[in-house]
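Visitor: Mind having a look at this structure? Questions to follow.
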């Protein structure tokens, strides 16, 4: 496993493609998911099938060993993105990564997330799932 000290991130060229269809309704297919939870599901990449719960109002994602969501891939920056719970909604924020953060195939500095959004971090494709009404009660 990468210890987070590797300073080299490889640039990746993203090409538009059809969004995944097999993740639609993922939350319904995850009966053990806690009500009000949000989940990042790795759709494509070396850790395909992995799930990361967003259980805190502030979650970091990257290659650094201290990241809440550890994405150990050379196309992911050490501190690539943050997921934040703000005023009843989840946001993704690019923290100055080399390859950027894409939401539904559009590069963003920050974006409000909704259930089913596709997020690209480096060469990894993630799907964001959250039951909107349940999420609104999550951190009150």
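The values are calculated or read from the model by the stated rules, or taken from the named source; none is laboratory data. Predicted model, so just to flag it, every value in this text is computed and none were measured. In this analysis, Cβ positions are derived from the backbone assuming ideal geometry, glycine residues included, and neighbour counts consider all displayed protein chains.
Visitor: For the structure I just gave you, tell me whether residue 75 is assigned to a strand (DSSP E or B), out of contact with any helix residue (DSSP H, G or I) (no Cβ under 9 Å at 6 or more places or on another chain) and either more than 21 Å from residue 12 (Cβ to Cβ) or at pLDDT 90 or above (or both).
Guide: So residue 75 does not fit the description; no.
Visitor: All but one of (1) modelled with pLDDT of 95 or more; (2) part of a loop (DSSP other than H, G, I, E, B) hold for residue 83; which doesn't?
Guide: (2)
Visitor: Can you say whether residue 96 is in a loop (DSSP other than H, G, I, E, B), under 12 Å from the mean Cα position of the chain (by Cα) and on the phi > 0 side of the Ramachandran plot, as far as the supplied structure shows? First the steps, then the outcome.
Guide: Values: in a loop (DSSP other than H, G, I, E, B): yes; under 12 Å from the mean Cα position of the chain (by Cα): no; on the phi > 0 side of the Ramachandran plot: yes.
Considered against the rule, which asks whether it is in a loop (DSSP other than H, G, I, E, B), under 12 Å from the mean Cα position of the chain (by Cα) and on the phi > 0 side of the Ramachandran plot, residue 96 comes out as no.
Visitor: Among the candidates 64, 22, which residue alone is modelled with pLDDT of 90 or more and not in a helix (DSSP H, G or I)? I'd like the intermediate steps shown before the answer.
Guide: On the way: 22 fails: modelled with pLDDT of 90 or more.
Matching residue, one of 64, 22: 64.
Visitor: For region 36-53, name all the residues that are more than 9 Å from the chain's Cα centre (by Cα), in contact (Cβ under 8 Å) with a residue 24 or more places away in the chain and over 19 Å from residue 73 (Cβ atoms).
Guide: Step one: list which residues in region 36-53 are more than 9 Å from the chain's Cα centre (by Cα), which gives 36-38, 43-51, 53.
Still in the running and in contact (Cβ under 8 Å) with a residue 24 or more places away in the chain: 36-38, 43-47.
Those that are more than 9 Å from the chain's Cα centre (by Cα), in contact (Cβ under 8 Å) with a residue 24 or more places away in the chain and over 19 Å from residue 73 (Cβ atoms): 36, 37, 38.
Visitor: Would you check if there is a residue in region 90-104 being buried (at least 19 other Cβ atoms within 10 Å of the Cβ) and at pLDDT below 95?
Guide: There is at least one residue in region 90-104 that is buried (at least 19 other Cβ atoms within 10 Å of the Cβ) and at pLDDT below 95.
Visitor: Tell me, which residue of region 108-124 that is in a strand (DSSP E or B) and without any contact (Cβ under 8 Å) to a residue 60 or more places away in the chain is surrounded by the fewest Cβ atoms within 10 Å (Cβ to Cβ)? Let's see the steps before the verdict.
Guide: Of all residues in region 108-124, those in a strand (DSSP E or B) come to 108, 110-112, 118-121, 124.
Narrowing further to those that are without any contact (Cβ under 8 Å) to a residue 60 or more places away in the chain: 108, 110-112.
Details: 108: 17, 110: 15, 111: 19, 112: 12.
Once the filter is applied, the top-ranked residue is 112.
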